[in-house]
Amino acid sequence: MTARRASSAERGLLHSIGVGLSAGLLLVVVALAVLLVIVPKATGSTPLTVLTSSMEPSLPPGTLLVVRPTATEDVRVGDVMTYQIESGRPEVISHRVIEIVSASDGTTSFVTKGDNNSAADEKAVLPVQVRGTLWYSVPWLGFVNQAVNGQARAWIVPLLAVALFGYAGYMITSGLVAHRAERRRGRGRGRGRRSAGRSEGRSAGSSEGRSGS
């Protein structure tokens with residue numbers, strides 16, 4: 001009896017640990033989906049990954065940057081701005097704006113610099129090159145963004161979420177089934193003990209009746 005109870009308690013503990021791990025992994029996947037897919041799509045932002053050390057220590061390599069579109073007139077000194085190295089080209093840099101220059105002809109340009117660089121960037125940035133400014137950043141998550149990029153991001157993260165939802169549902173369902181089975185076994189043992197007690201009582205009564213005769 002004691003060994004059976006100990007085995008049941010051990011199964012319950014392992015099941016609880018499994019459900020806890022499943023819930024934790026599910027939360028991680030949901031958070032990744034929100035940060036990498038849902039928020040950027042909903043706001044028209046772009047997830048980028050820091051690849052160099054030019055913005056250390058605030059934005060080390062591997063940091064995820066979410067860059068939202070920003071009108072050039074709303075860019076301020078101190079903003080981390082993402083801009084095309086050459087207008088019309090996909091390659092971009094994310095550096096801090098250290099100066100905004102207004103020319104006599106009314107045009108504006110931006111002087112940028114990496115936090116970890118000793119000098120400002122060689123060329124001023126024109127408004128046509130600006131992709132946006134930093135909205136938020138998450139350390140290390142850029143490596144995930146690099147691994148799950150392009151078209152793959154649209155199905156890998158949701159697929160993982162569905163798989164973990166399914167696994168969590170399986171763990172919860174199996175736990176409920178095991179709990180009900182344990183309760184049935186407990187009731188069966190209780191009925192068995194009561195039946196044995198009644199049988200012993202009848203046997204003792206019969207013995208006493210024969211002894212009296």
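Computed from the coordinates by the stated procedures, all read-outs in this text should not be read as laboratory data. This structure is a prediction, so every number in the text was calculated from the model and none was measured. Cβ sites come from the backbone with ideal geometry, for glycine too, and all protein chains shown count toward neighbours.
Assorted remarks:
- Between Asn116 and Met55, Glu56, the built amide H atoms are under 5 Å apart, and every one of these is 5 or more places off in sequence or on another chain.
- Centre separation in Å (Cα based) which lies between the range 81-136 and the range 32-61: 18
- Computed E for Phe143/Ala103 - FRET, C-beta separation, R0 45 angstrom, nearest 0.05: 0.65
- Estimated FRET transfer efficiency when R0 is 45 angstrom, pair Arg76-Val162 (beta carbons, to 0.05): 0.60
- FRET efficiency, Ala31 to Leu51 (Cβ-Cβ, R0 22 Å, nearest 0.05): 0.45
- Residues with amide H under 5 Å from that of Thr70, placed H, sequence gap 5 or more: Gly132, Thr133
- Derived scalar couplings ³J(HN,Hα) [the range 124-141; Karplus, 6.51 cos²θ - 1.76 cosθ + 1.60; whole Hz; x for Gly, Pro]: 6, 9, 8, x, 5, 8, 6, 9, x, 10, 5, 9, 8, 9, 9, x, 6, 5
- Taking amide hydrogens as placed 1.01 Å from N in the peptide plane, the amide H of Asp79 sits under 5 Å from those of Val97, each at least 5 positions away in sequence or on another chain.
- Between Glu91 and Ile38, full extension at 0.36 nm per residue minus the direct alpha carbon distance yields a gain of 16.7 nm.
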